[in-house]
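**Q** My questions will all concern the structure given below.
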Amino acid sequence: MTAAVSEYSEVEQPFLLQLAEPVWTTIDQGTGIPQDPKSSLRANFRQWLLPAVFNDAIQTINRKVLPDYLELKEWLRQRGPALDL
């Protein structure tokens, strides 16, 4: 007879703990099926991309890589009004 293995305790929780160590923000919703998408920063459960989180991360990266990021952002905004920067 084999013991039942919990996917949450054996896979999901260790992975979340590993991600949380460096710089990632993790949202541990525990066991069971989540009921509220807002607790995971989403508008609904079909949403797989978090636009606000993604945009903040990209802006942080750009500021580190490009010291004149704000000037470049304004330059891009003037030349590409269709871009949502």
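**Q** Which of the peptides 30-39, 52-61 is most tightly packed, and how do the rest follow, judged by the mean count of other Cβ atoms within 10 Å per residue? Write down the numbers at each step before the final one.
**A** Numbers: 30-39: 9.1, 52-61: 11.2.
Ranked from most to least packed, the peptides come out as 52-61, 30-39.
**Q** How large is ³J(HN,Hα), in whole Hz, for each residue of the range 5-13 in order, when computed from phi with the Karplus curve 6.51 cos²θ - 1.76 cosθ + 1.60 and θ = phi - 60°, using x for Gly and Pro?
**A** Along the range 5-13, the couplings run 10, 8, 4, 5, 6, 9, 10, 5, 5 Hz.
**Q** Please compute the length gained on full extension between residue 12 and residue 44, using 0.36 nm multiplied by the number of residues separating them and subtracting their Cα-Cα distance. If you can, show how the numbers build up before the last one.
**A** Working: separation 32, 0.36 × 32 = 11.52 nm, distance 2.08 nm.
Gain on stretching residue 12 to residue 44: 9.4 nm.
**Q** Compute the distance in nm between two label points, each set 7 Å from the Cα along the Cα-to-Cβ direction, one at residue 26 and one at residue 60.
**A** Output for this residue pair reads 1.6 nm.
**Q** Tabulate in residue order the Karplus-calculated ³J(HN,Hα) for the range 31-45, using 6.51 cos²θ - 1.76 cosθ + 1.60 with θ = phi - 60°, rounded to whole Hz; enter x for Gly and Pro.
**A** 7, x, 8, x, 10, 10, x, 5, 5, 10, 6, 10, 7, 7, 6
**Q** If you stretched the chain out fully between residue 52 and residue 68, how much longer would it get, using 0.36 nm times the residue separation minus the C-alpha to C-alpha distance? Write down the numbers at each step before the final one.
**A** Numbers: separation 16, 0.36 × 16 = 5.76 nm, distance 2.20 nm.
Residue separation times 0.36 nm, minus the Cα-Cα distance, leaves 3.6 nm.
Laboratory data are not the source of any read-out in this text; all were calculated from the coordinates shown. Since the model is a prediction, treat every value here as computed from it, not as a measurement. Neighbour counts are summed over all protein chains in view; Cβ atoms, including those assigned to glycine, are modelled from backbone coordinates with ideal geometry.
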